[in-house]
1. Quick check: from the Cα gyration tensor, does the stretch A:236-321 come out rounded (a/c under 1.5), prolate or oblate?
2. If only Cα atoms are counted, what is the Rg of the stretch A:35-420, and what is its Dmax, in Å?
3. Using the membrane-span-like helix rule (whole DSSP H runs, Cα extent along the own axis of at least 18 Å, mean Kyte-Doolittle hydropathy at least -1.0), which helices of chain A qualify?
4. Can you tell me how the stretch A:1-75 classifies by the Cα gyration tensor, rounded, prolate or oblate, using a/c under 1.5 as the rounded cut?
5. Provide, for q = 0.11 Å⁻¹, the log10 of I(q)/I(0) from a solvent-free Debye sum over equal Cα point scatterers in chain B.
6. Show the residues, 5+ positions off or on another chain, whose built amide H is closer than 5 Å to the amide H of residue B:116.
7. Summarise the partner chain shielding of A:87-95 as one whole number: the mean count of Cβ atoms from other chains within 10 Å of each residue's Cβ.
8. Among A:355, A:186, A:67, which residue has its Cα positioned farthest towards the positive end of the charge dipole of chain A, with +1 placed on the Cβ of Lys and Arg, -1 on the Cβ of Asp and Glu, and the dipole taken about the Cα centre?
Amino acid sequence: MAGNSNFQSNNKVVNWIEERMPIFSLIDGSLGASYPAPKNLNYWWNFGSLAGLALVIQIVTGIVLVMHYTPNTELAFDSVEHIMRDVNYGWLLRYVHANGASMFFIVVYIHIFRGLYFGSYKAPRELLWILGVVILILMMATAFMGYVLPWGQMSFWGAKVITNLFSAVPVVGDSLVQWLWGGFAVDNPTLQRFFSLHYLLPFVIAGVVILHIWALHKHGSNNPLGIDVKSPQDTVGFHPYYTAKDLFGIGVFILVFAYFVFFNPNYLGHADNYIPANPLLTPASIVPEWYFLPFYAILRSITFSISIPFTDIVLIDAKLLGVLAMFGSLAVLIALPWLDRSPVRSSRFRPMYRWFFWILVIDSFILGYVGAQKPEGIMPTLGLIGTAYYFFHFLVLLPFIMPKYEKDTKLPESISNPVIK
Amino acid sequence: MKKFFMKTLASAATSFAVVLGLSVSVFAADAEKAPKEVNWSFSGFFGTYDRAALQRGFQVYEEVCAACHGIRYIAFRNLTEIGFSEEEAKAIAEKYETVSPQYYWEDTEDFDGNPAKAKVYPVVTAGLSDKFPAKQFETEAQIRDGNGGALPPDLSLITKARHHGPDYVYSLLTGYEDAPSGMEMVPGMSYNPYFGGSQIAMANPLFEDQVEYADGTKATADQMAKDVVTFLMWAAEPKLEERHQMGYKVMIFMLVFTILMYFSNRRVWADVKKKKD
Ligand code: HEM
C-alpha cells in the first residue's frame, strides 16, 4: 500500500497534500504503478474489480431510488410504480438497481469459483477469503431485504418464508420471529426495518471490501500458477497493465448488463412481483431470486428429522436441520482454508482436484435447478443428493480422501520462467 | 489459455441460460396450456408500439374491459403519449368522475349529538392530471358480488404480472372454448384452457364487431384482443420505446468503448507478452 509506493509529483498542490496526508501514495500503492501484480493473471481475475463496480452502481442507484421510494405497506408498491412512470429516468434507475443485484451476484459467484479453482483461499490468504465469504453473506441479506421493498406478492411471501425459518431455532424460535417482524405478522414494521437495513448494509459491505482489499494487498494477488511471486520479473505494475485490462472487462460487463436493463429488464425477475402484496392470497409457487436458488434447494432438501433410534425423541427436527444445512453451506466456505489440506494452490497442478472442482460446479447448477422446481417427483431426492454431495466435497473429499490419493506434483520454477523442472 | 477461457465462459453461459430457461419454464408448468406466441410490434430489440393499435386498444379497453377492470396507474394526461391530442384526452377525462384529493369540512354531529366537523372529499369531474378512477368507487364486496365472487384485477400491470404476459393475455382473450365433455363446471364459470385451473369467472368478453373502429379496421375478436394487449403492454411499460432507444445508444457506445479498450489493453501488454516468447 502506501508503504510500497515511490510516488513523486511535480505538482505543488499535490505535494502539499501528500506531505500532510499521503493519499496519493496510498492510491498509487494500491492501484497504481507501484502496486506489483503477478504478470500472468488471466481474465478470471477481472471479476474482483467488476464486483467493486457493481457495488458502487447499487449504492448510487439505490440512494437516488430512496429519494422517491416510500417504505410503507400502503404506499411502497405505488411508489415504485411512481418511480417507473413519473420520475425522470426512474425506470432506468430501478431497472439498473434490480438487474444490478443479479449482475453483482453473477460476478461474485464467478469470483468465488475462481478462488476455488486457483486455490486463492490458501495461506497466506485465509483471512482475505473469509472476508470475501462475509461479503457474500452480507450481500445475501441485503438483496433479500431489498427484494421485499417493492412490496409485491413475491416480496411479501419471500419475506414470510425466509423469516419463518428462524422459528426453527429451538425454544426461542417463535419469539425470535416476532422480534424480526416487529409484530405478529410480516407487516409495516417489517418493511420499515428491512428498508433501514437495506440502506445500511451496503455501506457495511463497502467497509468489509476495504478490509478485503487491505488483506489482498498484504500478499498481493494469487495467480493461475498458484505459486508465490519470487522476483520483480514475475510482476508488472498494476497501472497501466491491469487498469487497462480491467477497463476492457468493465466494457464487456456493461454490455451484458445493458442488454438486460434495456432489452430484457424483467427476465431475471418474477412476474408475481408486479402484483401488489396480498397477505390473504398465497402465490402458486414461492420462488426466490435465481441467486438464492442453490441455497433454497439445500434448505428444502432436508425433510427428515434426527431422532434417537427406536424412540420418539426428536433431537433436531427437519426444519431446523434444513436451516442448519443452508447456513452450513456458507460455514464450510469459511472453514475451507483448513479443510483443503493440499499445499498446492492452483488446480492446474492438481488434476484430481480439478475434476472435483467441476463436479462441484455442476452440483451447484443442479441445486439451482432443483431450487426453482416445486418439491415434487424426483426433485426432493435430487436436492438431497446435491446437498449431500456439496457437503461431501468440503467435509470428506477435501480433508480426508484427497490427501490419500493426490500425488505430489512438481510446480513451475517461477511465474516468469514457468517450466517444470 | 485464452481458448480455454472462452470455452469455459461459453459453456458456463450456456448452462446458466439453460438453468434459467428451465426455471422460467417451470412456472408455466401448471396444468394450463402454454400461451400462443404472437409477433408483437413492441417485441425484440427494435420494438415500438404500433400507434394505431394503441388507440384501437384503448377503445376496446374503454368500451369493453372498463366495465369491470380499472387501470389505476394511468393518468388521462398519459393518453397524449399514445397519440391523442390534449383536447381529446381532456374530453375523455371529462366523461369520468373522480374523488377529489382536496377536502372541505362539513358540519355534522358526533355520536352524542354534539356538533362536529367532518372531512368531505367531493366527487368531481376528472381532469388531465387525474388517474383513471377506480370502478365507480365500489367496494370490493360489491365488485365480487357482481362477478361470481371473483375480483377483476386492475389491468395496468397485467402484461408484466403474468409469465409471457402479452402472449398470455392474448391467448386468454381468444382461448374460450366449450368445456370438454365430462368436465364439471362451477356455475357462472367459463372454460378457458389458458387460465390456471381452466375455469375463469370472466365470461368471454370479446365478440366480433363489438366495437366500431374509427380507422375502419375490421373488429374481429382476434383483432380486438391484439389491440387491447398492445394497449395494456403500453399501460404496463410506457417507457419501452424510450428504453429501447437509449438501449441502442448505450450498446453502440459501449461496443466502441470495449473494442477500444481491447486494443489499448493489447498495446499496453505488448512488451510484456513479447518478452515471454
Ligand atoms: C449490495 C448492494 C445492493 C443490493 C444487492 C441491492 C438489491 C436490491 C434488490 C434486489 C431490490 C429489489 C429490486 C426490485 O425488484 O424492484 C432492491 C430495491 C431497492 N433498493 Fe437496493 N440493493 C443494494 C444497495 C442499495 C442501497 C445502497 C440503497 C440505498 C441507499 C438501496 C435502495 C433500494 C431501494 C429504495 C429499493 C426499492 C425500489 C425498488 O424496488 O426498485 N439499495 N435492492
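Laboratory data are not the source of any read-out in this text; all were calculated from the coordinates shown. Owing to the predicted nature of the structure, the values given are computational and were not obtained by experimental measurement. A quick note on method: Cβ atoms are made from the backbone with ideal geometry, for glycine too, and the neighbour counts reach across all protein chains shown.
1. Judged from the Cα gyration tensor, the stretch A:236-321 comes out oblate (a/c at least 1.5, b/c at or above a/b).
2. Reported Rg and Dmax, both Å: 22.5, 68.
3. What comes out of the filter, once short or polar helices are dropped, is A:47-66, A:90-118, A:126-148, A:188-219, A:243-258, A:318-339, A:351-372, A:379-392.
4. oblate
5. -0.83
6. Residues meeting the criterion, in which the H sits 1.01 Å from N, are B:108, B:109, B:110.
7. Partner-chain Cβ atoms within 10 Å, mean over residues of A:87-95: 2.
8. A:355
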